[in-house]
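Nothing in this text is a laboratory measurement; each read-out follows from the coordinates by a stated rule. These figures come from a predicted structure and were not determined experimentally. No Cβ is skipped: glycine too gets one built from the backbone with ideal geometry, and neighbour counts run over all protein chains shown.
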């Protein structure tokens, strides 16, 4: 202890900045959690730092009302579907970009990223028309496929970075040892880029989870996502603030869980594996 | 026997390997010697089947294997970088070619333990390669190459990234380990001294061409041309352009050197004479040594020997002198050239006459 205190300047305030920072970051989240345990009268009536009459009513509404909890189930179904499709499509694509030179490879690689530059609203209309023609409106797969528009390019970019960090000689050594390509890819190569696959899956999950516009446009009732349900809570009885807050808390949970599992790789993922 | 028949490799219109004919016998050690970018790795990749030659064919034991995929060829390769499978343990790394071949686990276990014992890896079998030192990682790669019992073993500067002690140890062991297997053993290196220590045969490479192939000591003593002589010399060769007339070499207007007996019979005319740095000395070692005058530049002392960089009438030379000599720069000194080892090359670079005694 004496060792560490020695390096601190006397009477320093270094704790202050980080404390303030965290307080400001956590304040909205705290307020959301705070609200989710309050009754509507308390939310709209008085200002209170913590619930005066803590209640679980808001959560019980969500867990008992199918129109609420189906929203979570729908969201999770299409998000997981999208994550699987995106990663499975991106793995071979990223391998090709990382290992082979072909005509226009650099342009194609850059073009992939430009897909992320257009706002999703641009694609809402063509997707709606296209999926209507195929009878896919209001299905989970429709949203999952629509989200591939920006998730596949992202996954390709992330995975390409991780794959290029693996020396090409490992591939060749495996071929010399007699590995066929599929066997090499699954047994030798995938374990080497496991963290990259994790990060790519995380980003696909995250972007698909928070995306509202396409998900709402392509669904009506059967596959309606939770974020769309949350925007439609104004009823004849007015705003149900407490239930909305509880729904918000529950929407944060899956993301927080996923972040916890990939926390060690996130920085590398943001750098698209190029650290 | 591995045969390259007129094998060439072009990339984007440039020859990386010029049309080449080579034949390596089974059970022999063959060194590919050349500086970086000479084409050693490209040539090895063609031999292994990792790259397809642009033209020409590769034969193994009489069969044409030019288009055969590398998986189907019985080859093993070790790279300069330590290439292992990081996700597998050392044991599984060594076992991997055997697992692919579908051998039963009892015979795999026996083969892996035998190879590990030979390469002193037994205590580390349960670790993963990244938890080993560089030498141990490379030994893992070597064990994997060994256990496969390949008929063609390719090593691309396998010891270049190791410290000198390990390098000396492994350099001594490697040929012994692989000699028993009866494989064609190919070893690429940039260091002439390594080629000489390994022995066997040497093919010298320069800018994508095989300049000479033969027994290592023969290539060293009797280079066919100037390029080979340059490739196979470390420290670099010294040159002097002369005109031979009768019993003397005339160098411009400066010096006259007596022509040594082994060069007396060649015809008169312009030629390039080359000699190794250790054939220059500060004192007259032999009867036939010719005195010369040169200006010193830098002296490098390696412990028991000194490299003295010289300016001989505008030509840069290096002298390797025994003992420690700290000579001030820009001093004119007298040297003695042991002319018995002079090599003479014609203006086309072909050897006219080379050294009889090394």
Segment B:136-254: antiparallel bridges as % of DSSP beta bridges, rounded to 5, reads 65
Averaged over residues of A:176-188, the number of beta carbons from other chains lying within 10 Å of each residue's Cβ is 6
Taking R0 as 56 Å and r as the Cβ-Cβ distance between residue B:313 and residue A:110, the FRET efficiency 1/(1 + (r/R0)^6), rounded to the nearest 0.05, comes to 0.45
For chain B, longest principal axis from Cα atoms; helix B:90-101 axis from its Cα atoms; angle between them, nearest 10 degrees, is 70
Quick shape check on chain A: root eigenvalues a ≥ b ≥ c of the Cα gyration tensor, a/c under 1.5 is rounded, otherwise prolate if a/b tops b/c, else oblate, and it reads oblate
Simple spin-label estimate for residue A:125/residue A:138, 7 Å along Cα→Cβ, in nm, reads 2.4
Exposure-ranked with fewest Cβ neighbours within 10 Å first, B:221, A:99 stand as A:99, B:221
Nearest 10, in degrees from 0 to 90: the angle of helix A:168-177 to the longest Cα principal axis of chain A is 60
With 0.36 nm assigned to each residue of separation and the Cα-Cα distance removed, residue A:212 to residue A:168 gains 11.8 nm
Averaged over residues of B:145-151, the number of beta carbons from other chains lying within 10 Å of each residue's Cβ is 1
Relative contact order in percent for chain A (Cα pairs under 8 Å, 6+ apart) equals 31
Ordering A:196-208, B:44-56 by per-residue average of other C-beta atoms within 10 angstrom, highest first, gives A:196-208, B:44-56
Dividing the mean separation of Cα pairs under 8 Å (6+ apart) by the residue count of segment B:159-307 yields a relative contact order in percent of 13
Taking a ≥ b ≥ c as the square roots of the eigenvalues of the Cα gyration tensor, with a/c under 1.5 meaning rounded and otherwise prolate when a/b exceeds b/c and oblate if not, segment A:86-204 is prolate
Burial-style ranking of A:110-117, B:149-156, average other-beta-carbon count within 10 Å with highest first, yields B:149-156, A:110-117
From the Cα centre of segment B:1-66 to that of segment B:277-323, the distance in Å is 40
Reduced to Cα centres, the span from segment A:24-80 to segment B:153-185 in Å works out to 69
Gyration tensor on Cα atoms of segment B:204-319, a ≥ b ≥ c root eigenvalues, a/c under 1.5 rounded, else prolate if a/b beats b/c, else oblate, says oblate
Label model pair residue A:84, residue B:256: point-to-point distance (7 angstrom along the Cα→beta-carbon line) in nm is 9.5
Shielding of B:32-42 by other chains, given as the mean Cβ count within 10 Å, works out to 0
Checking A:130, A:32, A:20 against a Gaussian network model of chain A (alpha-carbon springs below 10 Å), the top fluctuating residue turns out to be A:20
Helix A:66-99: inclination vs chain A longest Cα principal axis, degrees, rounded to 10, gives 20
Relative contact order in percent for segment A:146-254 (Cα pairs under 8 Å, 6+ apart) equals 27
